[in-house]
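Participant: Okay, here's the structure, questions in a sec.
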């Protein structure tokens, strides 16, 4: 059997596999151009099932004009990829493409100048009924005001991917309430003018039953969250499809957000906490959230890394393409608070996970940590850092970390040490 004798349904699936394999991140594949030029049969088959194959015309001004594309190809969905080219021809071409709002399926606006945004913004206030992907990546100075409630006509029923970076959009929850097909939502580098409370976010989440990836990150210099805490809700929102969650901001915000959520399928959790001046890190709701995510409990390895002004912990799980399960980053001008907060997190969130068999603690220590080994008040913290990992079999310490841990254990009775390292079989000091 030759490829020319294959039935249409088999050939169609081969086409789809070929096109899907060449789709990169946000940009749709353009490999279908090759297929439709092979022969008339392939061309007719591709254009008959254009939605199944996700055929899209890519408009990339000034290199690919939408007017030229419309003269050559059938009425396919349009992808507008505007990287902020300064020429008037490029701007006019984007304007022409946005006017075809009934055909636009993907939009990427990146680094638009202030004047360009003033030109484009009114065109995006209309409905885009076919829009499935939207990515706006704007420097803060390019946008005069926040995105208004009339954005996309206030509704985006077909939207599947929404990526906002550096954008102020306080009315986002209202738009999301109509975006029931959303799979990925990333709202990153949120300025203070775009602040959205965790309660407001929770009001739109129940409609997002297919959401797989959620990212909320705030700018540290403008984060306005005030810790007026509210009691946890009586019932939580179920996000059955959520597998990845990324957050950067104040611990209080994270606490209030995850108190509203159940994500039983969660496989990856990445958190960055802003510097905290208080000695007590409140993560009780986060600990409950981690315990409710069954797949997080399958982690069996952890790595603690000390940087010049931060500490991070990464928890790994075997048998995953991307094994990182939980990532947490602490930044603080006070080294003792970094270590204290890490200990409090591990005690609260990891103590119930009894599957850890391997722990790496690595440096090198410099900057804020210079000379900190002589501080007696840090000794108990090194000991407490090890306590949640009571089933460890292998402990790996970098050569500059080992003296800290040894000093933390120094003076303890043997019985007390074995309470902390009950199952330890191997200890390793890594050479520089």
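Since every read-out is calculated from the coordinates, none of them should be taken as a lab result. These figures come from a predicted structure and were not determined experimentally. Glycine also receives a Cβ, built like all others from the backbone with ideal geometry; neighbour counts cover every protein chain displayed.
Participant: Based on the mean of other beta carbon atoms within 10 Å per residue, what is the order of 7-14, 310-317, most packed first?
Facilitator: Answer by packing, highest mean first, reads 310-317, 7-14.
Participant: So if we plug the beta-carbon distance of residue 92 and residue 234 into 1/(1 + (r/R0)^6) with R0 = 51 Å, what FRET efficiency do we get, rounded to 0.05?
Facilitator: Efficiency computed from Cβ-Cβ geometry: 0.40.
Participant: Can you put 279, 252, 267 in order of Cβ neighbours within 10 angstrom, beginning with the fewest?
Facilitator: Least crowded to most crowded, the residues run 279, 252, 267.
Participant: Sort 34-45, 127-138 by the packing proxy (mean of other Cβ within 10 Å over each peptide's residues), most packed first.
Facilitator: For the peptides 34-45, 127-138, the packing ranking is 127-138, 34-45.
Participant: Debye sum, Cα scatterers, the stretch 156-220, no solvent: what log₁₀ I/I(0) at q = 0.26 1/Å?
Facilitator: -1.22
Participant: Per residue, how big is the convex hull around the C-alpha atoms of the stretch 236-327? Give it to me in cubic angstrom, could you?
Facilitator: Once divided by residue count, the hull of the stretch 236-327 is 100 Å³.
Participant: Under a point spin-label approximation (7 Å from Cα along Cα-to-Cβ), what is the residue 355-residue 52 distance to one decimal in nm?
Facilitator: Once both label points are built, they end up 4.0 nm from each other.
Participant: Please sort 66-78, 173-185 by packing, taking for each peptide the average over its residues of neighbouring beta carbons within 10 angstrom, highest first.
Facilitator: Most protected by this proxy first, the peptides run 173-185, 66-78.
Participant: Taking 8 Å as the Cα distance limit and 6 or more residues as the minimum spacing, I'd like the relative contact order of the stretch 156-220 as a percentage.
Facilitator: 39
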